[in-house]
């Protein structure tokens, strides 16, 4: 007998949750939404991309301006770049400014970087997720050097990238191995 009462109550509850055309406020009229108006999409062709090798050969040795306004030398693939000069616009940093999850971007690639304050070889622990680049996959540590953030490889000594902060939610810099642009943002 109790089983039938429980089943009956359960059936009433289920019937009350069904979508029988009544809304929560007692109305019984179903109103249709009008579709959003659409306009034709405009398009235009893009200019062709210039490969890095071709660009580097035409501008050999000429300084270029990076995103922070500091000049950087063009590096050939495989050439190790030295320490970046600190841009005048670089913010003063504390370790806690970097904590948490970040989007790591380099070229057309975007992946995740998680930064915490666990002591690690050469600095503090960092880990990447979803990175296709072998260099970005190697990031396992980070440290502060004045206003500069250095992302380090698993050995805690090999720099992968050097970054400066232009705003509380953005860091820009260069990869240490090939000089390509690297950014962190939230």
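The values are calculated or read from the model by the stated rules, or taken from the named source; none is laboratory data. Because the structure is predicted, anything quoted here is derived from the model rather than measured. For neighbour counting, all protein chains shown are included, and Cβ atoms are generated from backbone atoms with ideal geometry for every residue, glycine included.
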Q. Can you pull out the residues in the range 106-118 that are more than 16 Å from residue 152 (Cα to Cα) and in contact with a strand residue (DSSP E or B) (Cβ under 7 Å, 6 or more places away or on another chain)?
A. 110, 111
**Q.** Sole exception among (1) in contact with a helix residue (DSSP H, G or I) (Cβ under 8 Å, 6 or more places away or on another chain); (2) at pLDDT below 95; (3) surrounded by 14 or more Cβ atoms within 10 Å (Cβ to Cβ) for residue 148, by number
**A.** (1)
Q. If a residue has to be exposed (fewer than 15 other Cβ atoms within 10 Å of the Cβ), at pLDDT 90 or above and over 21 Å from residue 120 (Cα atoms) to count, how many in the range 151-186 make the cut?
A. 3
Q: Determine, yes or no, whether residue 56 is at pLDDT below 90, touching a strand residue (DSSP E or B) at 6+ places or on another chain (Cβ under 6 Å) and not in a strand (DSSP E or B).
A: no
